[in-house]
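Just below is one structure, and these are the notes that go with it.
The values are calculated or read from the model by the stated rules, or taken from the named source; none is laboratory data. Note that the structure is a prediction, hence the values are computed from the model and not measured. Virtual Cβ from ideal backbone geometry, glycine too; neighbours counted across all protein chains shown.
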């Protein structure tokens, strides 16, 4: 069994520009194009129309989110907000339980014994 001879792109012409020689074959549709009509995407040469189809499919896949994922995300945000509220509420209760002298600032004067410099 013999292998077919390699494709000589220099003898082929671009599909969109017949006066230019072909430089690459589109990996998706298989047509040959000049250097201006193909671009590299993920290591493959693609024509503009195939690249547009792939880009549209990638955008559509990125914008679709299942409802379960949206619900899960909203639930996580609500749980975080509830946890934050609980922490702040308990901190408020703790501050409220502190003695009145702490709030007035006199607790610090009571705990320090008078020194000779404090005497009048």
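Can you work out which of the residues in region 41-64 that are over 21 Å from the mean Cα position of the chain (by Cα) and part of a helix (DSSP H, G or I) is surrounded by the most Cβ atoms within 10 Å (Cβ to Cβ)?
Among residues in region 41-64 that are over 21 Å from the mean Cα position of the chain (by Cα) and part of a helix (DSSP H, G or I), the one surrounded by the most Cβ atoms within 10 Å (Cβ to Cβ) is 50.
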Which of the residues spanning region 20-40 are modelled with pLDDT of 90 or more and exposed (fewer than 11 other Cβ atoms within 10 Å of the Cβ)?
-> none
Complete set of residues in region 18-38 that are in contact with a helix residue (DSSP H, G or I) (Cβ under 8 Å, 6 or more places away or on another chain) and over 14 Å from residue 51 (Cα atoms) | 21, 22, 23, 24, 32
Criterion violated by residue 68 - all others in (1) out of contact with any helix residue (DSSP H, G or I) (no Cβ under 8 Å at 6 or more places or on another chain); (2) surrounded by 10 or more Cβ atoms within 10 Å (Cβ to Cβ) satisfied = (2)
Could you please let me know if residue 16 is assigned to a loop (DSSP other than H, G, I, E, B) and at pLDDT 85 or above?
-> yes
